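No lab work stands behind these numbers, since they all come straight from the coordinates. Just so you know, these numbers come straight off a predicted model, no measurement behind them. Because the Cβ atoms are built from the backbone with ideal geometry, glycine has one as well, and the counts that use them run over all protein chains shown.
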């Protein structure tokens, strides 16, 4: 069993590689549970899977220069439309030990400025996925 430390994860939003601005990334996929308990369950709750959903959370180092983070994400936020994403544990080539996860995400919030005196300008976001999340090894 190999253990891994995240050192060079990959994150792309709308075809823009944001890895050099990203300090945290987390992709979550989940399936809601639906109660299908009947009297035949003998007092035990029974569940089955319902709708699947996901979210993409990221931490960014903010940059306001042209073609940098705020200049890239602000217009995507204003589209009100889901944007493509790709996440990999490592920025190396996609393979069996480095799968890529892709889908679309709604940039439903953007916090261009936040922090206290002396803080690094950072942005933490959590966006819902829209549609399926796919996993590929090639």
Check your understanding: Is the shape of region 50-115 best called rounded, prolate or oblate, per the rule: a/c under 1.5 gives rounded, else a/b larger than b/c gives prolate, else oblate, with a ≥ b ≥ c the square roots of the Cα gyration tensor eigenvalues?
Key -> oblate
Study note, to complete from the structure: Footprinting proxy, 35, 63: sorted fewest to most Cβ within 10 Å, the residues are 35, 63
Exercise for review: Take the alpha carbon gyration tensor of the chain, find the square roots of its eigenvalues, order them as a ≥ b ≥ c, and report rounded if a/c is under 1.5; if not, report prolate when a/b exceeds b/c, else oblate.
Suggested key: prolate
Point to revise | Centroid-to-centroid separation of region 60-94 and region 1-54 [C-alpha atoms, Å] | key: 21
Practice item. Measure nothing fancy, just the Cα-based angle from helix 69-79's long axis to the longest principal axis of the chain, in degrees from 0 to 90, nearest 10. Key: 50
Revision key, fill the gap. Quick calc: nm separation of the 7 Å Cα→Cβ label points for residue 110 and residue 30 -> 2.7
Check your understanding: To the nearest 0.05, what FRET efficiency results for residue 94 and residue 57 with a Förster distance of 25 Å applied to their C-beta separation?
Key -> 0.70
Point to revise | Efficiency of FRET from Cβ geometry, residue 6 and residue 119, R₀ 22 Å, rounded to 0.05 | key: 0.45
Check your understanding: If you rank 107, 31 by fewest surrounding Cβ atoms within 10 Å, what's the result?
Key -> 31, 107
**Study point:** Expected 222 nm ellipticity per residue - DSSP helices of 4 or more, -39500 (n - 2.57), all of the chain, to 500
**Key:** -2500 deg cm²/dmol
Practice item. Would you order 105, 120, 28, 94 from fewest to most other beta-carbon atoms within 10 Å of each residue's own beta-carbon? Key: 120, 28, 94, 105
